[in-house]
1. With N set to the number of residues, divide the alpha-carbon radius of gyration of region C:216-298 by 2.2 N^0.38 Å and report two decimals.
2. According to the Cα gyration tensor, what semi-axes, each the square root of 5 times an eigenvalue, does the equivalent ellipsoid of the protein assembly as shown have, listed from largest to smallest in whole Å?
3. Express in % the proportion of alpha carbon pairs of region C:150-298 at distances exceeding 28 Å.
4. Evaluate 2.2 N^0.38 Å with N set to the residue count of chain C, then give the Cα radius of gyration divided by it.
5. If you average the sequence gap of Cα pairs under 8 Å that are 6 or more apart and divide by the length of region B:178-243, what percent do you get for the contact order?
6. Divide the volume of the convex hull of the Cα atoms of chain B by its number of residues and quote the answer in cubic angstrom per residue.
7. In whole Å, how far is the Cα centre of region C:207-283 from that of region B:1-36?
8. Once a ≥ b ≥ c are taken as the square roots of the eigenvalues of the Cα gyration tensor of region A:34-76, is the result rounded (a/c under 1.5), prolate (a/b larger than b/c) or oblate (a/b not larger than b/c)?
């Protein structure tokens with residue numbers, strides 16, 4: 001409770017995985033294969049997925065509160081496209097884009113498997129964040145609210161993707177299955193650097 | 001010894017129940033709760049449903065109403081107490097003399113626990129809470145060694161609960177205004193410490209700089225593990241050099257101290273982390289369940305395998321071993 | 001409105017500590033002086049020999065003397081010191097931890113700024129058990145001071161008005177840690193920093209001060225400009241916390257501001273000359289970050 005005990009994201013959580021686990025990046029070939037795909041056909045599938053989430057998990061919006069009106073950029077670093085998520089309870093939207101627009105409230109960047117693992121609750125968001133696997137920019141509070149809301153919702157992204165995304169969904173679900181075990185910390189237990197250490 | 005587990009959401013509560021918790025602690029989503037974080041905690045309806053779920057599985061629920069009531073606005077804390085009692089809470093975890101006094105008078109049958117935020121660090125302080133409010137358990141601040149805990153147990157009949165895993169306050173709980181000095185938001189009043197709303201990360205000459213309320217709390221090289229800018233766990237500079245002047249980024253893991261804590265007469269073991277996700281809660285609770293089973297069977301505690309859950313992949317037994325000081 | 005000199009929080013040499021209080025007795029316009037060691041039980045024995053002389057001199061000068069209890073009581077030594085303080089009916093104790101309450105039952109005492117009095121119900125509970133003076137935690141906003149003072153008309157409510165603000169207490173000693181020493185073998189290195197050890201951010205901004213097991217602000221509280229609001233709220237006394245500067249002059253400036261002989265802006269300008277190089281802040285009272293200087297005239 002830092003408070004109370006300590007604050008909500010404890011510093012320096014390392015990643016949860018054994019250090020010899022497979023790095024979580026999407027196989028380069030898959031990424032290459034996805035690159036030329038037009039984004040337009042993705043839109044209806046994404047919209048459907050978002051609608052399903054909204055229908056199945058009404059508590060999610062209660063947890064998001066004021067942050068539901070914010071614009072989140074989601075950047076899977078091993079995919080050739082990114083997403084702009086606007087969770088608004090009225091007209092939720094998620095768009096696939098080649099590059100993220102300016103003026104977003106917050107951005108979340110990381111390997112797809114890390115993003116999916118966190119969304120499904122199989123990976124600890126704090127741990128990913130502190131291992132630098134996930135990078136957060138902008139409104140940290142909004143990202144935290146989104147993370148907590150999604151963690152409570154217990155999303156089954158595999159089912160949602162599979163049901164909504166057609167062939168791409170199957171590719172991603174396969175990636176998800178293969179990488180469901182937590183990704184490795186590519187950094188190992190590196191000693192902190194920066195200021196002159198004395199303790 | 002009972003295993004007391006955190007829950008910031010209903011999904012976490014259910015995960016903790018399934019992982020083998022004896023009791024769950026949680027709080028409402030407002031400033032009565034010392035973990036008043038965005039997207040976290042229980043509405044009144046969540047609380048009723050969560051308690052019902054836990055009770056169906058034979059697990060107790062303790063409701064933490066452990067901030068200090070705002071002057072002129074006591075009704076908010078009083079209604080939290082009334083609603084928690086009505087929802088069937090097995091115990092209330094309180095820190096403020098005002099809330100303890102109200103709960104003791106209004107709900108004399110309700111079991112009351114003294115929160116770690118009250119900082120009751122010795123038998124005389126515990127006696128005050130027992131005699132004044134009929135407190136039945138005290139959560140000990142993380143400043144005591146095992147022999148000191150044993151000494152306390154010899155002088156009190158009050159049950160004790162101690163933290164065994166998770167984030168570690170290096171300052172005495174309940175008496176720290178570092179966060180409000182930098183941000184205007186404090187653990188005692190708003191139920192937040194180093195709040196996310198005041199956190200920013202920026203790139204600077206190839207490094208990531210974390211700031212809180214405009215103060216630089218830490219600086220990380222390109223691939224160095226990053227930290228959340230918790231004030232007392234930042235890097236600062238002094239005339240003697242710079243570094244982690246208060247505490248290294250480590251978290252508490254007292255798994256190896258379980259035999260000693262049991263011998264000291266501790267009633268319950270508490271896991272920190274209501275703000276953490278389901279993945280953390282399930283894994284940590286399961287590991288401690290295994291350790292306790294081994295302890296009961298007279299076997300050496302199995303390695304918890306939780307190093308990865310700890311800050312900086314490093315853990316400490318904290319004040320339980322006196323050399324920490 | 002009265003003035004209270006708080007306990008010296010830093011580890012000054014015993015002679016310096018004694019001479020400081022002698023001068024306060026002889027020259028300072030304060031009604032109450034809090035003596036004793038509140039921060040570290042290891043330091044207490046140093047003051048023991050000079051304490052009776054200091055108390056005598058202060059009382060002879062007509063000051064009310066109050067004895068501070070330790071903020072954090074966990075070791076056997078700390079419990080013993082606290083019990084000894086409580087043993088004499090003659091002394092007025094300032095309670096800095098609720099540990100003391102079990103034995104002070106219904107004997108008049110003061111409550112120090114380290115006890116969590118955040119609301120009128122807690123203040124009333126303590127007053128009913130013998131608290132005649134309550135110095136509120138420095139973190140409290142004016143709205144809380146207002147509500148508490150309004151509810152407790154028979155108890156002297158005091159507010160932390162000058163000095164680096166105590167922000168945290170720990171079982172660990174950060175002075176010892178900075179000097180790579182253990183707390184048990186600390187060699188009392190905290191004595192090197194009469195005004196606390198400066199803690200700066202990595203980009204060299206002033207931030208905090210370390211005083212052994214205690215952490216304080218770098219900035220110095222000054223509620224000079226807030227005196228009208230505090231008077232309006234019914235605050236009975238302002239606390240001046242000793243820093244490494246001319247505290248007689250500090251007390252005089254607050255006295256003059258209270259009595260209307262100096263306007264607040266001028267008093268604060270002169271305060272800056274008495275305690276130079278340290279920024280003044282009053283953010284806590286204005287419900288903004290504590291390091292901020294806010295309110296009238298800013």
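Taken together, the values in this text are just the output of simple stated rules run on the coordinates, not laboratory data. Keep in mind it's a predicted model, so treat the numbers as computed, not measured. Cβ sites come from the backbone with ideal geometry, for glycine too, and all protein chains shown count toward neighbours.
1. For region C:216-298, the normalised Cα radius of gyration is 1.02.
2. Its equivalent ellipsoid spans semi-axes of 47, 29, 25 Å.
3. 27
4. In units of the globular-protein estimate, chain C measures up at 0.94.
5. 22
6. Cα-based convex hull of chain B, divided per residue, equals 139 Å³.
7. Region C:207-283 and region B:1-36 have Cα centres separated by 44 Å.
8. Verdict is oblate for region A:34-76.
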